[in-house]
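S.K.: Here it is, the structure in full.
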């Protein structure tokens, strides 16, 4: 029988949500390839790839916000122009 501490620690873990998704066949092949290379289940590979994608989105958003703040705070015209170019790259890519 689990102790009170063991039951409490189990409750603190973030809950998993069972989710059904349909993905294109080409993407499914890539996910299977990643799972096989990393010796993961397909579900774990999907979770890992989704986590990396979410992290990449967050990082990109932070970079856009930083470039925007730098552009707004710059008063020197030459540096403001460079900050504007950086902001455009952050928004639209290279």
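S.K.: Return the total of residues in the stretch 30-72 being more than 21 Å from the chain's Cα centre (by Cα) and surrounded by 10 or more Cβ atoms within 10 Å (Cβ to Cβ).
M.R.: Qualifying residue count for the region: 5.
S.K.: As an exercise: evaluate residue 75 against (1) loosely packed, with under 13 Cβ neighbours inside 10 Å; (2) touching a residue at least 12 places away in the same chain (Cβ under 8 Å) and give the number of the one condition it does not meet.
M.R.: For residue 75, the exception is condition (2).
S.K.: Could you grab the pairs with beta carbons closer than 7 Å, sequence gap of 6+ or different chains, first residue in the stretch 46-67 and over 26 Å from residue 83 (Cα atoms), second one assigned to a helix (DSSP H, G or I) and modelled with pLDDT of 90 or more?
M.R.: 46/31; 49/31; 49/34
S.K.: Cβ-Cβ under 8 Å, sequence separation 6+ or interchain: first residue in the stretch 33-44 and without any contact (Cβ under 8 Å) to a residue 60 or more places away in the chain, partner outside any helix (DSSP H, G or I) and loosely packed, with under 13 Cβ neighbours inside 10 Å. Which pairs?
M.R.: Taking only residues 6 or more apart or on different chains, the pairs are 35/41.
The values are calculated or read from the model by the stated rules, or taken from the named source; none is laboratory data. The shown structure was predicted, so the numbers you read here are calculated from the model rather than taken from an experiment. Reconstructed Cβ throughout: ideal geometry from the backbone, glycine too, with neighbour counts over all protein chains shown.
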